[in-house]
Amino acid sequence: MYSQCRAVGCPNPARAGTSDGLGRLYCRKHHDHYQRHGSLFKPSYKASELNPFRKVALKWLEENREDAWVQNAVAAVKQLYQTAGPHVEAFRLRGLKPRQRAWAHWARLRTSGVDPVKVVSVWLAVEMVIKSDTQPDWRPEYKRVQAAKVVHRMASGSHNKWTQDRLDGSGSWTQEIHVYPHSRGRVLRHIGEDLEKACALLAENCLDKMFVR
Ligand SMILES: [Zn+2]
(Lines give C-alpha, C1' and ligand atoms only; values in the text may rest on other atoms or scores of the structure.)
Protein backbone atom coordinates (compact mmCIF):
# COMPACT_ATOMS: atom_id res chain seq x y z
CA MET A 1 0.00 0.00 0.00
CA TYR A 2 1.34 3.39 -1.02
CA SER A 3 1.08 6.34 1.32
CA GLN A 4 2.65 9.78 1.23
CA CYS A 5 5.04 11.30 3.79
CA ARG A 6 3.04 13.25 6.38
CA ALA A 7 5.52 16.11 6.59
CA VAL A 8 3.83 19.20 5.15
CA GLY A 9 4.71 19.73 1.50
CA CYS A 10 6.85 16.60 1.17
CA PRO A 11 6.18 14.71 -2.08
CA ASN A 12 8.06 11.53 -1.09
CA PRO A 13 6.37 8.23 -0.32
CA ALA A 14 6.40 7.12 3.31
CA ARG A 15 8.83 4.35 4.15
CA ALA A 16 7.59 0.80 4.10
CA GLY A 17 6.59 -0.56 7.48
CA THR A 18 9.29 -0.55 10.11
CA SER A 19 9.33 -1.93 13.59
CA ASP A 20 8.93 1.42 15.35
CA GLY A 21 5.77 2.40 13.46
CA LEU A 22 7.11 5.91 12.88
CA GLY A 23 8.56 4.86 9.52
CA ARG A 24 5.09 4.37 8.08
CA LEU A 25 4.32 8.06 8.53
CA TYR A 26 7.34 9.71 6.96
CA CYS A 27 9.81 9.35 4.12
CA ARG A 28 13.37 8.33 4.92
CA LYS A 29 14.66 11.90 4.97
CA HIS A 30 12.03 13.18 7.39
CA HIS A 31 12.21 10.04 9.49
CA ASP A 32 15.97 10.47 9.94
CA HIS A 33 15.64 14.16 10.74
CA TYR A 34 12.97 13.43 13.32
CA GLN A 35 15.04 10.67 14.93
CA ARG A 36 18.09 12.90 15.16
CA HIS A 37 16.59 16.23 16.15
CA GLY A 38 13.12 15.51 17.57
CA SER A 39 11.51 17.76 14.95
CA LEU A 40 10.54 17.21 11.32
CA PHE A 41 11.93 20.50 10.07
CA LYS A 42 13.90 22.22 12.79
CA PRO A 43 17.58 21.37 13.18
CA SER A 44 19.22 21.03 16.60
CA TYR A 45 20.46 24.12 18.40
CA LYS A 46 24.17 24.73 18.07
CA ALA A 47 26.39 24.83 21.13
CA SER A 48 26.97 28.54 20.43
CA GLU A 49 23.21 29.13 20.66
CA LEU A 50 22.73 27.11 23.83
CA ASN A 51 25.83 27.97 25.83
CA PRO A 52 24.84 31.53 26.81
CA PHE A 53 21.63 30.11 28.32
CA ARG A 54 23.52 27.32 30.05
CA LYS A 55 25.67 29.97 31.72
CA VAL A 56 22.63 31.96 32.86
CA ALA A 57 20.98 28.83 34.23
CA LEU A 58 24.07 27.55 36.00
CA LYS A 59 24.78 30.91 37.62
CA TRP A 60 21.19 31.15 38.86
CA LEU A 61 21.27 27.58 40.17
CA GLU A 62 24.50 28.20 42.04
CA GLU A 63 23.13 31.38 43.59
CA ASN A 64 19.94 29.59 44.61
CA ARG A 65 21.22 26.23 45.81
CA GLU A 66 19.07 26.53 48.93
CA ASP A 67 15.88 27.08 46.95
CA ALA A 68 13.44 24.20 47.49
CA TRP A 69 12.69 23.78 43.76
CA VAL A 70 16.40 23.68 42.96
CA GLN A 71 17.03 21.08 45.64
CA ASN A 72 14.08 19.09 44.37
CA ALA A 73 15.40 18.98 40.79
CA VAL A 74 18.98 18.23 41.80
CA ALA A 75 17.77 15.43 44.07
CA ALA A 76 15.71 14.01 41.21
CA VAL A 77 18.76 13.88 38.93
CA LYS A 78 20.79 12.25 41.72
CA GLN A 79 17.99 9.73 42.01
CA LEU A 80 18.36 8.95 38.30
CA TYR A 81 22.10 8.39 38.85
CA GLN A 82 21.45 6.11 41.79
CA THR A 83 18.74 3.99 40.24
CA ALA A 84 20.45 3.66 36.85
CA GLY A 85 22.13 0.38 37.66
CA PRO A 86 25.67 -0.65 36.80
CA HIS A 87 27.98 1.15 34.43
CA VAL A 88 27.87 -0.42 30.95
CA GLU A 89 30.82 -0.04 28.60
CA ALA A 90 29.84 1.72 25.36
CA PHE A 91 31.05 -1.39 23.51
CA ARG A 92 28.29 -3.42 25.10
CA LEU A 93 25.31 -1.14 24.48
CA ARG A 94 24.41 -2.63 21.11
CA GLY A 95 22.07 -5.36 22.18
CA LEU A 96 20.21 -3.29 24.75
CA LYS A 97 16.75 -1.82 24.34
CA PRO A 98 16.45 2.00 24.22
CA ARG A 99 15.14 2.18 27.81
CA GLN A 100 18.11 0.14 29.05
CA ARG A 101 20.52 2.26 27.04
CA ALA A 102 19.02 5.36 28.62
CA TRP A 103 19.65 3.91 32.09
CA ALA A 104 23.18 3.05 31.02
CA HIS A 105 23.58 6.68 30.08
CA TRP A 106 22.58 7.90 33.53
CA ALA A 107 25.02 5.38 35.00
CA ARG A 108 27.73 6.75 32.73
CA LEU A 109 27.07 10.29 33.92
CA ARG A 110 27.38 9.03 37.50
CA THR A 111 30.71 7.28 36.91
CA SER A 112 31.99 10.30 34.95
CA GLY A 113 31.25 12.41 38.02
CA VAL A 114 29.08 14.92 36.15
CA ASP A 115 27.60 17.43 38.62
CA PRO A 116 23.79 16.99 38.70
CA VAL A 117 23.45 20.78 38.87
CA LYS A 118 25.00 20.99 35.39
CA VAL A 119 22.51 18.42 34.12
CA VAL A 120 19.63 20.48 35.52
CA SER A 121 21.05 23.61 33.89
CA VAL A 122 20.81 21.94 30.48
CA TRP A 123 17.07 21.46 30.78
CA LEU A 124 16.59 25.07 31.83
CA ALA A 125 18.82 26.29 29.00
CA VAL A 126 16.74 24.40 26.44
CA GLU A 127 13.55 25.88 27.90
CA MET A 128 15.11 29.33 27.56
CA VAL A 129 16.47 28.93 24.04
CA ILE A 130 13.08 27.70 22.82
CA LYS A 131 11.27 30.58 24.51
CA SER A 132 13.61 33.11 22.92
CA ASP A 133 13.41 31.49 19.47
CA THR A 134 11.31 33.43 16.95
CA GLN A 135 10.35 30.22 15.13
CA PRO A 136 10.33 27.56 17.81
CA ASP A 137 9.13 24.00 17.71
CA TRP A 138 6.99 23.93 20.83
CA ARG A 139 6.33 20.24 20.93
CA PRO A 140 7.63 18.41 24.01
CA GLU A 141 9.40 15.90 21.80
CA TYR A 142 11.73 18.55 20.41
CA LYS A 143 12.53 19.95 23.85
CA ARG A 144 13.30 16.49 25.22
CA VAL A 145 15.56 15.52 22.34
CA GLN A 146 17.42 18.83 22.41
CA ALA A 147 18.15 18.53 26.13
CA ALA A 148 19.02 14.84 25.83
CA LYS A 149 21.56 15.48 23.09
CA VAL A 150 23.48 17.91 25.28
CA VAL A 151 23.31 15.66 28.33
CA HIS A 152 24.39 12.76 26.16
CA ARG A 153 27.61 14.59 25.28
CA MET A 154 28.44 15.28 28.94
CA ALA A 155 29.33 11.66 29.70
CA SER A 156 32.56 10.26 28.44
CA GLY A 157 32.73 7.29 26.11
CA SER A 158 34.59 4.05 26.66
CA HIS A 159 38.27 3.90 25.90
CA ASN A 160 40.59 0.99 25.35
CA LYS A 161 44.29 1.25 24.72
CA TRP A 162 46.82 -1.50 24.30
CA THR A 163 50.39 -1.94 23.13
CA GLN A 164 51.71 -4.77 21.02
CA ASP A 165 55.20 -5.76 19.94
CA ARG A 166 55.81 -5.68 16.21
CA LEU A 167 56.26 -9.10 14.61
CA ASP A 168 59.57 -8.09 13.02
CA GLY A 169 60.96 -7.03 16.39
CA SER A 170 61.26 -3.37 15.39
CA GLY A 171 59.61 -2.11 18.56
CA SER A 172 55.99 -1.81 19.57
CA TRP A 173 52.85 0.02 18.49
CA THR A 174 49.90 1.30 20.40
CA GLN A 175 46.32 0.99 19.35
CA GLU A 176 43.44 2.93 20.84
CA ILE A 177 39.72 2.51 20.51
CA HIS A 178 37.28 5.19 21.58
CA VAL A 179 33.59 4.43 21.53
CA TYR A 180 30.91 7.02 22.09
CA PRO A 181 27.31 5.85 22.04
CA HIS A 182 25.30 7.22 19.12
CA SER A 183 23.11 10.16 19.89
CA ARG A 184 19.82 9.50 18.14
CA GLY A 185 16.57 7.61 18.24
CA ARG A 186 14.46 6.47 21.11
CA VAL A 187 17.23 6.46 23.71
CA LEU A 188 17.22 10.27 23.47
CA ARG A 189 13.45 10.34 24.08
CA HIS A 190 13.91 8.36 27.27
CA ILE A 191 16.76 10.51 28.54
CA GLY A 192 14.76 13.63 27.69
CA GLU A 193 11.65 12.38 29.47
CA ASP A 194 13.66 11.47 32.56
CA LEU A 195 15.20 14.92 32.64
CA GLU A 196 11.89 16.65 32.00
CA LYS A 197 10.31 14.87 34.96
CA ALA A 198 13.23 15.83 37.18
CA CYS A 199 13.14 19.50 36.20
CA ALA A 200 9.48 20.22 35.39
CA LEU A 201 8.53 21.81 38.72
CA LEU A 202 11.70 23.88 38.88
CA ALA A 203 11.10 25.18 35.35
CA GLU A 204 7.47 25.92 36.06
CA ASN A 205 8.22 27.85 39.23
CA CYS A 206 11.55 29.52 38.58
CA LEU A 207 12.19 29.97 34.86
CA ASP A 208 10.77 33.50 34.85
CA LYS A 209 13.04 34.51 37.73
CA MET A 210 16.25 33.56 35.97
CA PHE A 211 15.32 34.53 32.46
CA VAL A 212 13.93 37.82 31.19
CA ARG A 213 12.64 37.56 27.64
ZN1 LIG B 1 9.16 13.51 3.77
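Only one of the listed residues (R101, R94) is under 30 Å from L40 (Cα atoms) and touching a residue at least 24 places away in the same chain (Cβ under 8 Å). That residue is R101.
A quick yes/no check of all residues on (1) of a type outside the set (V, I, T); (2) more than 16 Å from the chain's Cα centre (by Cα); (3) within 19 Å of A200 (Cα to Cα):
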site: L40; (1), (2), (3): yes, yes, no
site: L58; (1), (2), (3): yes, yes, yes
site: V70; (1), (2), (3): no, yes, yes
site: Q79; (1), (2), (3): yes, yes, yes
site: L109; (1), (2), (3): yes, no, no
site: A125; (1), (2), (3): yes, no, yes
site: W138; (1), (2), (3): yes, yes, yes
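Only one of the numbered conditions (1) more than 16 Å from the chain's Cα centre (by Cα); (2) in contact (Cβ under 8 Å) with a residue 12 or more places away in the chain; (3) not in a strand (DSSP E or B) is violated by T134, and that is (2).
Filter segment 170-200 down to residues that are among the hydrophobic types (A, V, I, L, M, F, W, C) and out of contact with any helix residue (DSSP H, G or I) (no Cβ under 6 Å at 6 or more places or on another chain) and give me whichever is modelled with the lowest pLDDT. My answer is I177.
Being assigned to a strand (DSSP E or B) and at pLDDT 80 or above is the filter here; which residues of segment 147-169 pass it?
Filtering segment 147-169 down to residues assigned to a strand (DSSP E or B) leaves 158-165.
Across segment 147-169, the qualifying residue is only D165.
Under the condition of being of a type in the set (K, R) and either at pLDDT 95 or above or within 13 Å of the chain's Cα centre (by Cα) (or both), the residues counted in segment 201-213 number 0.
Scan segment 121-130 and give yes if some residue there is closer than 14 Å to I191 by Cβ and of a type in the set (V, I, T), otherwise no.
Kept after step one, since they are closer than 14 Å to I191 by Cβ, are these residues of segment 121-130: 122-123, 126.
Filter once more, keeping what is of a type in the set (V, I, T): 122, 126.
Checked segment 121-130: at least one residue is closer than 14 Å to I191 by Cβ and of a type in the set (V, I, T).
The values are calculated or read from the model by the stated rules, or taken from the named source; none is laboratory data. A quick note: this is a predicted structure, and the numbers were derived from the prediction, not measured. Counting neighbours? That spans all protein chains shown, and the Cβs are built from the backbone with ideal geometry, glycine included.
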